[in-house]
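The values are calculated or read from the model by the stated rules, or taken from the named source; none is laboratory data. Just so we're clear, the structure is a prediction, and the values are computed from it rather than from any experiment. Ideal geometry is used to build each Cβ from the backbone, glycine not excepted, and the neighbour counts take in all protein chains shown.
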């Protein structure tokens, strides 16, 4: 009989041969999922022989990962800012880059003020729910054009007890918001890839993430430009528009933002040192 450690090693070798990055980590997650064990529990049982029934539970998960289905879809969840969110084909798998954007916002914006926040193109609900969990005083609206994504976001909100904290709205960008509604923060991780970039992406992205959450016209800039052009009319005095972008897009976006009337344009790097985030500060309107 094969021991737990032997199965993990063989699984890692198989996944590595299929081009899966971090094959050992993936193997541990898959075996743990099949056996109902956390990773630390796996380490304490490495010498345990596995039964045929246990091996049969592991094999289909490994086959799916070998076909490059995202690990998050197979285990059914992803960790984001300390929250465990459901993850499936209905929405983009939340990335560490997006999690870092929420950290930036939480570090910069006052904790006690009752800010009004809109997360446009919410997907799984990751940004909206992370902000809601960390800032009980904030009033948060999350929108998405995709009915499937919005359903997933609602499920995540309910599962972690935040359904009453976030208002969900259907529609494309600002069309999802109430007429005349204004916010202190508008945040978005919109589609920002060109079609050719998605065609060259890893199978996990190319074949499993929703295309509408990835691809934007104008070489990936179209939706970012829509957000930049329309946000000022939806922000309160001194409000902030925070965008996740492609690393090569900042020159064109900064030029576009300044032409659109944004005087304060800030570019920030992600943890890998790539220009990833654009923060646009609305002008402070002096009192009459």
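In this structure, does residue 123 turn out to be assigned by TED's automatic domain parsing to the domain that holds residue 242, out of contact with any helix residue (DSSP H, G or I) (no Cβ under 9 Å at 6 or more places or on another chain), touching a residue at least 24 places away in the same chain (Cβ under 8 Å) and on the phi > 0 side of the Ramachandran plot? No, not satisfied. Among the conditions (1) exposed (fewer than 14 other Cβ atoms within 10 Å of the Cβ); (2) over 20 Å from the mean Cα position of the chain (by Cα); (3) without any contact (Cβ under 8 Å) to a residue 40 or more places away in the chain, the only one that residue 237 does not satisfy is (3).
Here 169, 142, 157, 163 are screened, and the one residue that is assigned to a helix (DSSP H, G or I) and either over 17 Å from residue 102 (Cα atoms) or within 19 Å of the chain's Cα centre (by Cα) (or both) is 157. Only one of the numbered conditions (1) under 19 Å from the mean Cα position of the chain (by Cα); (2) without any contact (Cβ under 8 Å) to a residue 40 or more places away in the chain; (3) part of a helix (DSSP H, G or I) is violated by residue 227, and that is (2).
Conditions (1) assigned by TED's automatic domain parsing to the domain that holds residue 218; (2) out of contact with any strand residue (DSSP E or B) (no Cβ under 6 Å at 6 or more places or on another chain); (3) within 20 Å of residue 127 (Cα to Cα); (4) part of a helix (DSSP H, G or I), marked per residue:
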site: 238; (1), (2), (3), (4): yes, yes, no, no
site: 243; (1), (2), (3), (4): yes, no, yes, no
site: 248; (1), (2), (3), (4): yes, yes, no, no
site: 251; (1), (2), (3), (4): yes, yes, no, yes
site: 254; (1), (2), (3), (4): yes, no, no, yes
site: 257; (1), (2), (3), (4): yes, no, no, yes
site: 267; (1), (2), (3), (4): yes, no, yes, no
site: 277; (1), (2), (3), (4): yes, no, yes, no
